[in-house]
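The values are calculated or read from the model by the stated rules, or taken from the named source; none is laboratory data. Computed from a predicted structure; not experimentally measured. Here the Cβ is made from the backbone with ideal geometry for all residues, glycine too, and neighbour counts use every protein chain on show.
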Amino acid sequence: MPFGLVSFKELTVDSSIQVGVRGPTIWVKVEGKGSFLNSGNLKEFAREMLDRGYREFVVDLAGCAMMDSTFMGTMASVALRLKELGRGHLHIVHCGNRSQELLSGLGLDQIFDIHANGARAP
């Protein structure tokens, strides 16, 4: 997680999603499981940040053990909303092989910028 973290939010007990703002970019760090249990809160947070004018989102999956279809759909909805708005990106960083297989298998690599490491994120 970058320096300048200004917000932190625990979304579930057995997993957490840390969120922060650094300049014009929203950072989301998934620890444990990305699932239907924390997707609703993530969607609500992303909607609020979009309403505030943020257009760059980075999702860090370094600590993510697994993702279910609801969680991946939530990330897809944010990326599609950014495309509707005509600007902005959703970047996936520290994406392991298994996560990349899941995302690519659903065609989500077409709407996300996926990076195995975090070197190319904004």
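From the set of residues in the range 39-73 that are in a helix (DSSP H, G or I) and touching a helix residue (DSSP H, G or I) at 6+ places or on another chain (Cβ under 7 Å), which is surrounded by the fewest Cβ atoms within 10 Å (Cβ to Cβ)? The qualifying residue surrounded by the fewest Cβ atoms within 10 Å (Cβ to Cβ) is Thr70. Can we say Ser77 is modelled with pLDDT under 95 and among the polar types (S, T, N, Q)? It is false that Ser77 is modelled with pLDDT under 95 and among the polar types (S, T, N, Q).
Among the residues making up the range 22-33, those that are buried (at least 16 other Cβ atoms within 10 Å of the Cβ) and either in a loop (DSSP other than H, G, I, E, B) or in contact with a Leu (Cβ under 8 Å, 6 or more places away or on another chain) (or both) are Arg22, Trp27, Val28, Val30.
When the range 77-99 is filtered for residues that are assigned to a helix (DSSP H, G or I) and under 17 Å from Lys33 (Cβ atoms), the ones remaining, listed by number, are Arg98, Ser99.
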